[in-house]
Amino acid sequence: MKKIFVSMILCISLLKASADEGMWLPMLLGQQVYNDMVKKGLKLTKEQLYSVNKSSLKDAIIIFGGGCTGEIVSNEGLIFTNHHCGYDAIASSSTVEHNYLKDGFYALSKDQEIQSKLTVQFLDRIVDVTKEVEDAVKGLSWAERTEKMPDVFKAITNKAADKENGLAGRIYSMFKGNQYLMYVYKTYRDIRLVGTPPESIGKFGGDTDNWEWPRHTGDFSVFRVYATKDGKPSEFSADNVPLKPKHFLPVSIKGIKDGDYAMIYGYPGGTNRYETSYGIKLKNDIENPSLVNLRDTRLKLMHEQMIKDPAVKLKLASNYAGVANYWKFFDGETKQLKKFHTYEEKQAYENKFAAWAKGKAEYENLFTEYAKNYETWTPYSKSRQYYNEGILGSPLTAFAATLVKLEADMVKTGISSADIKKSIDAAAAARKKYLVAADRPSDEKIMAAVCQLFYTDIDKNQHPIGFYEGTKSVYGDLKDDATYKKWAKDVFDRTMILDDTKWNAFVANPDATILQNDPAFSYAAAFSKNYTMKYLPLYTAFMNKNAELGRSYLKGVMEMNPAAAAKMYPDANFSMRVSYGNVKSYKPRDAVSYDYVCMGKGILEKYVAGDYEFDLPAKQIELMKKKDYGQYIDKGRKDLVVCFITTNDITGGNSGSPVIDGNGNLIGLAFDGNYEALSHKIAFDKDLNRTICVDVRYVLWCIDKLGGAGNLIKELKLVKQ
Ligand code: ARG
C-alpha cells in the first residue's frame, strides 16, 4: 500500500495536467504541473510559489476564522477577505445605532480598528506523516484503526506543538486515507476589523444573485492581524502591534484580459470527486431535496421577522446567510448533477472497474459491498436530515438538545455535587450565549413547522415513541397546523430556558425532574435520544464502511489506470491548495455567451431603490453616474470593472482567496462559483466551471472613493504598469 503511495506522489510530480481541474498541494508541485503553469502565463519560480526556508507566496495566505481564506496585503498585517467571511464579525460589532453591517465602516487610523473574536492561521510547514500513522495502526481491523486514529494523530501533533510560538499541527487524510500530511499552523488571536463596505455593496444581489454569474457584488472586507512586539501571537492587548508578515501581496490595478493567467491559493473545504453512483443517488433522491425543503421553510420564517425589525435582522443575519447559502447550493447541485448525467457516468465507470477487478480478491467485491451498505442505511437517511435540518433548525430546540448531557450528568449514580455544578455552570454559560441570538417569533414558528413536517414526511416507525401521541392528546389533530402552533406557543411560554426566574431557581436547586418536565427539554430530548440511540449508530457504521470501501476503491482506481493516477490530486479537505487557470468567458447554454467581466453600469441596471437585495448607497449612485473612477477605471472599457470569472478549481473554504496574476500580484478576491457548474464538489466540468471574483480595482474604489479611507490605499504596494 505504502509503496503505491510513494510512487503515486512521484506520479503527481510527473503528471500532465488536464483542463483547469485540480487543487494542487503547493509543496508537491511536480515539474509537469509547474511547466503547465508557466505555459499558461506564470512568471514566478517554484521557490517563489512555495519554499520551506525562504519567504514565498504561501506566507501571505491565511486561514481566516473558521472556514475562509484571507491574504496579507501590506507590511503591517493588513488582511483582505470576503465580506461574507467577515460577516459575523461585522454583524456582531454592529448595533442598531452604529450599524456597520448596514452602513459600512472604515478605520481612518489604527486606533479606530475594532477588536473581534476571530483568529487567523499561517501555514508554517507541511510534513508527510504517512509512515508514522501506518506504523501505529499496523495489523488493525478497520474498526480498530478508526477508533485508534484520533490518538495516533494526537501523539504526532503533540510532538509538533509549540505553545510559546502559537504553533500546532493538524493531520489531514489525503486520497481517502491513503496518505497523511501534517500541516503546522501558527495561530494569531488579535484580529481587528479595519473596514467593510455597506451590506448593499458587500452582499449586493443577495440570495437572488448568489451562486450566479453575472454578479455585481463587492464581496470584500478588511482586517488586520496584531502580534506582540516580537511578532508572537497573543490574545488582544493594547500593547500589541501590527504583524510584520514574511510576505505580502502587491496589488495590481493594471486590469485583466480574457485569457490572462490566474492562480488561486487557499483552503478549499471539501470535495468528493470519487463519489460513487450510490452516493450520488442517495444525495439526489433523499439528502438534497430533504435539506432544501426544510431550509426553505426555516428561511421564510426567519425572513418574515428580519424585514420587520433591524435589531432582529442583526441578530439573525449571519445564521440566515449561512443557511441560505447552502440551501441554494444543494438545490443547484442536484440540478447540475442531473444535467451532467453524473450518476450514469459514474455507473459506467464502476462497471469498467468491476470488470477489471474480477478475480482480484482485494477489489472484486467492492461494489457488492457498496450496494449492501447503501441499502442498509437508505431507509433512515431522510429522518436523519429531518432531525438535523428540521428539528434542530429551531435554535431553542438545538439549545435544549445540548442539555441532554446535563440530564445525563444529573442522573448519573455517584457523581459528585461539584461535578453537577460544573455541568450546570457550563449549561448556564451556553444559555447566556443562546439568549443573545434568540428571536422568539421566528423560532416559535420554525419549531411548529418542522415538528409538523417531521410528522407528515417521516415514517411513523421512526418517530420518537410517544411524543406525537402525547401532543395529540393535549393540543389536537396532528394533521392540523393550528395544533402545532398552539403546542409551540405553549413550549415557549412555559420553558425555563426563556424564563430567568424559573431558570435561576433550577440552577440554585438542581433537580433532574424539573429539567425532564421542561417542555422545551422534553421535546428536544425525545427527538435527540431517538436519533442518537437508534439512528446515529447506524449512520456511523455506514460512514465507516464507506470510508473503508472508499480507500480501497481509490487505491484500485490508481492501480487500474496508472496514467489516470498520474493526473490525480487529493480531494479538498481544508488544507492549502493552489489552482491555476485563466480569466475566461463562457457559454452557459445554447445561444448565450457570458463576458468575462461585469461593470459599474451593470450595478446601476440591477439597482432597485429600497429593495432588500438590490438597493445601493446614494453616494455610490452619484459617483457611478459621474463615472468618478480615478485610477481604478478600466481604460479599455471606460467603466469600473466590478467582478470577473476564471477557470480555477475552487470550492467553499476558498472564499476570500487571492486571485493572483503571473507575477504574484493580487488582481481579485475569489468569492463564489457559477450556477451552471454547481456539481463541482463531485464533478468538475471543464467547459462550464467558473470561479467568480471581485476585481481588486472595485475593492480599492470602494475603500478609497466611496469609503474615503485613503489611509488604507497608502499602505498597499500598488502595481500600476
Ligand atoms: N456562495 C458564496 C460562497 O459560498 C457565498 C456568497 C455569500 N453571499 C450571499 N448572498 N449569500 O462562497
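The values are calculated or read from the model by the stated rules, or taken from the named source; none is laboratory data. Predicted, not measured: the structure shown is a model, and the values here were computed from it. No Cβ is skipped: glycine too gets one built from the backbone with ideal geometry, and neighbour counts run over all protein chains shown. SASA here: full protein model, heavy atoms, side chains in, ligands and nucleic acids out. Shrake-Rupley method; radii C 1.70, N 1.55, O 1.52, S 1.80 Å.
A few notes on this one:
- Scanning the stretch 663-681 for residues that are more than 16 Å from the ligand (Cβ to nearest atom) and either of a type in the set (Val, Ile, Thr) or open to solvent by 10 Å² or more (accessible area, probe 1.4 Å) (or both) gives 663, 665, 667.
- Within the stretch 331-347, restricting attention to residues that are in a helix (DSSP H, G or I) and open to solvent by 40 Å² or more (accessible area, probe 1.4 Å), the residue that is nearest to the ligand (Cβ to nearest atom) is 331.
- Selection from the stretch 372-401 of residues that are open to solvent by 30 Å² or more (accessible area, probe 1.4 Å) and either farther than 17 Å from residue 319 by Cβ or touching a helix residue (DSSP H, G or I) at 6+ places or on another chain (Cβ under 7 Å) (or both): 372, 375, 376, 378, 379, 380, 382, 384, 392, 395, 398
- Pick from the stretch 84-99, criterion within 15 Å of the ligand (Cβ to nearest atom) and open to solvent by 30 Å² or more (accessible area, probe 1.4 Å), ranking: farthest from the chain's Cα centre (by Cα): 88
- Of the helices (runs of 4 or more DSSP H) contained entirely in the stretch 517-581, those carrying at least 1 residues that are over 30 Å from residue 490 (Cα atoms) and of a type in the set (Gly, Ala, Ser) fall at 536-560, 562-565.
- Of the listed requirements (1) within 16 Å of the ligand (Cβ to nearest atom); (2) of a type outside the set (Phe, Trp, Tyr); (3) within 30 Å of residue 166 (Cα to Cα), residue 245 misses just one: (1).
- Being surrounded by 20 or more Cβ atoms within 10 Å (Cβ to Cβ), at pLDDT 95 or above and more than 30 Å from residue 70 (Cβ to Cβ) is a property that residue 261 lacks.
- The listed residues are 51, 94, 55, and the only one of them that is part of a loop (DSSP other than H, G, I, E, B), in contact (Cβ under 8 Å) with a residue 60 or more places away in the chain and under 23 Å from residue 169 (Cα atoms) turns out to be 55.
- Put simply, of 410, 447 the only residue that is in contact with a Leu (Cβ under 9 Å, 6 or more places away or on another chain), hydrophobic (A, V, I, L, M, F, W, C), within 22 Å of residue 295 (Cα to Cα) and surrounded by 15 or more Cβ atoms within 10 Å (Cβ to Cβ) is 447.
- The set of residues in the stretch 682-702 being closer than 16 Å to residue 584 by Cβ, charged (D, E, K, R) and crowded, with 23+ Cβ neighbours inside 10 Å consists of 690, 695.
- Only one entry in 130, 69, 119 is within 16 Å of the ligand (Cβ to nearest atom), within 26 Å of residue 183 (Cα to Cα) and either under 23 Å from the mean Cα position of the chain (by Cα) or not aromatic (Phe, Trp, Tyr) (or both), namely 69.
- All of 607, 612, 586 fail the test of being modelled with pLDDT of 95 or more and open to solvent by 20 Å² or more (accessible area, probe 1.4 Å), apart from 607.
- Among the residues of the stretch 460-480, those identified as open to solvent by less than 80 Å² (accessible area, probe 1.4 Å) and either over 27 Å from residue 533 (Cα atoms) or under 34 Å from the mean Cα position of the chain (by Cα) (or both) are 462, 463, 464, 475, 476, 480.
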